[in-house]
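Questions regarding the structure given below will be posed in turn.
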Amino acid sequence: MTYLVEPDPQATGPLVHALVIGVAGYRHLPGGSEPVSHDTIVRHQLRSPASSALAFAEWVRTEMHHPDATLGSIDVLVSPRPGVRDPRCAGLELPSVDATVKAIWRWADLCRQNPANVAMFFFSGHGLALRSQLLLMEDFGRNPMLSCDAAIEVEELVAGMCRFVAETQYFFIDACREIPHQLTEYDSRTAPVFDGRIVEEQRKEWGVVSSTRMGRPAYGRRRGVSLFTEHLLASLRGRAARRKDSRWSVSLLALHESVSTLTERHSPAGREPQFAESRFSGDRLLHLLPGPPQVDARICCRPEKATGAARVRIVPTEPAPTEPALTEPAPDGPPAVPVLREGWWSTPLTAGVHEVSLDFEAGEYLMGPPPKRYLPFEPFDCDHTIDVRETG
């Protein structure tokens, strides 16, 4: 076992226990250390899962702030891409199916020690879809007679964790869900994780956030984290944040909305769009931010032809007394320096209310009235169109 954060037997109170798995290297696939001659269904190694898993684990370790639980443990299993020396993976346990099942048992045992604990599971690697999504471990393909005996079924994992009562449970799955024609005629057996047992649902909040829809691929990258993990982390760091009771926080519903929007919006050009998919019960707060998040503010003019001629000034400020803002004002600070991109003036800002003014050097347009606007810039409410009028 390789804990990034070791469990403390003396710890009290609700704890977050995370199990993080990244499988970039598969020993039995072409290019692996022990390739096999039979059909392994998937035939290529991956690049981004190791980086994705380590990035998620580091976010849990250094940034996650659950409103009700402190960090208890982070268990990490990672296999790097074959032939790549990744010092970040040195000493980490390989996610063979046997090692992974044992890690799940350790994780479940920690989670059940307090009903108020928070269970977090993250997987990045190859995936398939049959009855439900299968997660392929690094020794997948080891047995020609049991094609999927080194895979774990997501549905069994999620349902089985109901027995180990941590009232809050999250599963983040970064893997393809394509349906292999080679297995459609078989009742393929996956590695057993828990005894099958129907129990009353005792979880107060649980959710499965999948990187793509049934039957669809998920996109990795040659370097860095995958498309899904990039936008999952961006959402947790603020793109999914909402202000409530003077705090900026991320709930599961807001996280789903943000991840699905960003993943589809930033899918590779010329490829089928990737749509993240979620199913969940409850909408508790998952993460509290230390302060207002950063947002990408955008301004354009109506009529659109005036946008290129405008000079835009955006300053965090108190709202005007006659024009109450929709949110609390941001602290005073220097004006932003917007850049014209694709028909919009855009700039990164700290979320909050900002004073926006436009002027036109040639005098062909005028803003207003009024000559200034006090506009809220918050996650997914960052685009504003301002009416101007021609002077001639």
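Within the stretch 227-251, which residues are in contact (Cβ under 8 Å) with a residue 40 or more places away in the chain and at positive phi?
Listed by number, the residues that qualify are Gly238, Ser246.
For (1) among the small types (Gly, Ala, Ser); (2) assigned to a loop (DSSP other than H, G, I, E, B); (3) in contact with a Phe, Trp or Tyr (Cβ under 6 Å, 6 or more places away or on another chain); (4) in contact (Cβ under 8 Å) with a residue 24 or more places away in the chain, each residue gets a yes or a no:
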| position | (1), (2), (3), (4) |
| --- | --- |
| Glu178 | no, yes, no, yes |
| Tyr186 | no, yes, no, yes |
| Arg189 | no, yes, no, yes |
| Val193 | no, yes, no, yes |
| Trp206 | no, no, no, yes |
| Gly220 | yes, yes, no, yes |
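Can you say whether Asp109 is open to solvent by 40 Å² or more (accessible area, probe 1.4 Å), within 23 Å of Ala191 (Cα to Cα) and outside any loop (DSSP other than H, G, I, E, B), as far as the supplied structure shows?
Numbers: open to solvent by 40 Å² or more (accessible area, probe 1.4 Å): yes; within 23 Å of Ala191 (Cα to Cα): yes; outside any loop (DSSP other than H, G, I, E, B): yes.
Against the criterion (open to solvent by 40 Å² or more (accessible area, probe 1.4 Å), within 23 Å of Ala191 (Cα to Cα) and outside any loop (DSSP other than H, G, I, E, B)), Asp109 qualifies.
Out of Arg247, Arg243, I need the residue that is under 30 Å from Gly352 (Cα atoms), among the basic types (Lys, Arg) and surrounded by fewer than 18 Cβ atoms within 10 Å (Cβ to Cβ). Which one?
So the residue among Arg247, Arg243 that is under 30 Å from Gly352 (Cα atoms), among the basic types (Lys, Arg) and surrounded by fewer than 18 Cβ atoms within 10 Å (Cβ to Cβ) is Arg247.
Continuing with the same structure: Using the structure shown, decide if Ala99 is among the aliphatic types (A, V, I, L, M), in contact with a strand residue (DSSP E or B) (Cβ under 6 Å, 6 or more places away or on another chain) and part of a helix (DSSP H, G or I).
So Ala99 passes the test.
Determine, yes or no, whether Gly224 is open to solvent by 20 Å² or more (accessible area, probe 1.4 Å) and touching a residue at least 60 places away in the same chain (Cβ under 8 Å).
yes
Please state which of the following conditions Pro338 fails to meet, knowing it meets all the rest: (1) out of contact with any Leu (no Cβ under 7 Å at 6 or more places or on another chain); (2) in contact (Cβ under 8 Å) with a residue 60 or more places away in the chain; (3) open to solvent by less than 40 Å² (accessible area, probe 1.4 Å).
Here Pro338 meets the rest and fails (2).
May I ask you to list the residues in the stretch 163-176 that are in contact (Cβ under 8 Å) with a residue 60 or more places away in the chain and not hydroxyl-bearing (Ser, Thr, Tyr)?
Ala166, Phe172, Asp174
I've got another one for you. Scan the stretch 343-381 residue by residue and report those that are closer than 18 Å to Asp296 by Cβ, open to solvent by 70 Å² or more (accessible area, probe 1.4 Å) and at pLDDT 90 or above.
Within the stretch 343-381, Pro348 is the sole residue that qualifies.
Then there's this: Return only the number of the condition from (1) in a loop (DSSP other than H, G, I, E, B); (2) modelled with pLDDT of 95 or more; (3) not aliphatic (A, V, I, L, M) that Arg85 does not satisfy.
Evaluating Arg85 over (1) in a loop (DSSP other than H, G, I, E, B); (2) modelled with pLDDT of 95 or more; (3) not aliphatic (A, V, I, L, M) leaves (2) as the failure.
Another question about this same structure. Looking at the stretch 126-136, is at least one residue open to solvent by 30 Å² or more (accessible area, probe 1.4 Å), touching a residue at least 12 places away in the same chain (Cβ under 8 Å) and not in a strand (DSSP E or B)?
Within the stretch 126-136, one or more residues are open to solvent by 30 Å² or more (accessible area, probe 1.4 Å), touching a residue at least 12 places away in the same chain (Cβ under 8 Å) and not in a strand (DSSP E or B).
Now, a different point. What single numbered condition from (1) open to solvent by 60 Å² or more (accessible area, probe 1.4 Å); (2) touching a helix residue (DSSP H, G or I) at 6+ places or on another chain (Cβ under 8 Å) fails to hold for Asn117?
So the condition that Asn117 fails would be (1).
Suppose the filter is among the small types (Gly, Ala, Ser) and open to solvent by 30 Å² or more (accessible area, probe 1.4 Å); does Ser147 pass it?
Here the answer is yes, as Ser147 does meet what is asked.
Restricting the search to the stretch 259-291, which residues are open to solvent by 80 Å² or more (accessible area, probe 1.4 Å), under 28 Å from Thr70 (Cα atoms) and either at pLDDT 95 or above or not in a loop (DSSP other than H, G, I, E, B) (or both)?
Arg279
Further question on the same structure: Restricting to the stretch 15-36, and then to whatever is open to solvent by 10 Å² or more (accessible area, probe 1.4 Å) and of a type in the set (A, V, I, L, M), can you tell me which residue is farthest from the chain's Cα centre (by Cα)? Don't jump to the end; show me each part of the working.
Of the stretch 15-36, the ones open to solvent by 10 Å² or more (accessible area, probe 1.4 Å) are 15, 27-28, 30-36.
Filter once more, keeping what is of a type in the set (A, V, I, L, M): 15, 36.
Values: Leu15: 21, Val36: 34 Å.
Selected residue: Val36.
Residue check: is Asp296 open to solvent by 70 Å² or more (accessible area, probe 1.4 Å), acidic (Asp, Glu) and in contact with a helix residue (DSSP H, G or I) (Cβ under 6 Å, 6 or more places away or on another chain)?
Answer is no for this residue.
Take the residues in the stretch 40-71 that are open to solvent by less than 70 Å² (accessible area, probe 1.4 Å) and more than 21 Å from the chain's Cα centre (by Cα), then tell me which one is farthest from Leu252 (Cα to Cα).
Thr40
Which residue, of Arg203, Arg189, Arg142, is among the basic types (Lys, Arg), over 27 Å from Thr40 (Cα atoms) and surrounded by fewer than 23 Cβ atoms within 10 Å (Cβ to Cβ)? Write out each step before concluding.
Values: Arg189 fails: over 27 Å from Thr40 (Cα atoms); Arg142 fails: over 27 Å from Thr40 (Cα atoms).
Unique residue meeting the criteria: Arg203.
On to the next question. If Leu236 passes every condition in (1) at pLDDT below 90; (2) part of a helix (DSSP H, G or I) but one, which one does it miss?
Only one criterion in (1) at pLDDT below 90; (2) part of a helix (DSSP H, G or I) is unmet by Leu236, namely (1).
Would you confirm whether any residue within the stretch 152-162 is under 18 Å from Leu19 (Cβ atoms), in a loop (DSSP other than H, G, I, E, B), touching a residue at least 40 places away in the same chain (Cβ under 8 Å) and open to solvent by less than 50 Å² (accessible area, probe 1.4 Å)?
no
The values are calculated or read from the model by the stated rules, or taken from the named source; none is laboratory data. In this text the structure is predicted, and so the values were computed from the model without any measurement. Quick reminder, even Gly has a Cβ in these numbers, built from the backbone with ideal geometry, and neighbours come from all protein chains shown. The protein model used for the area step is the full one, side chains on, heavy atoms only, and it has no ligands, DNA or RNA in it. Shrake-Rupley method; radii C 1.70, N 1.55, O 1.52, S 1.80 Å.
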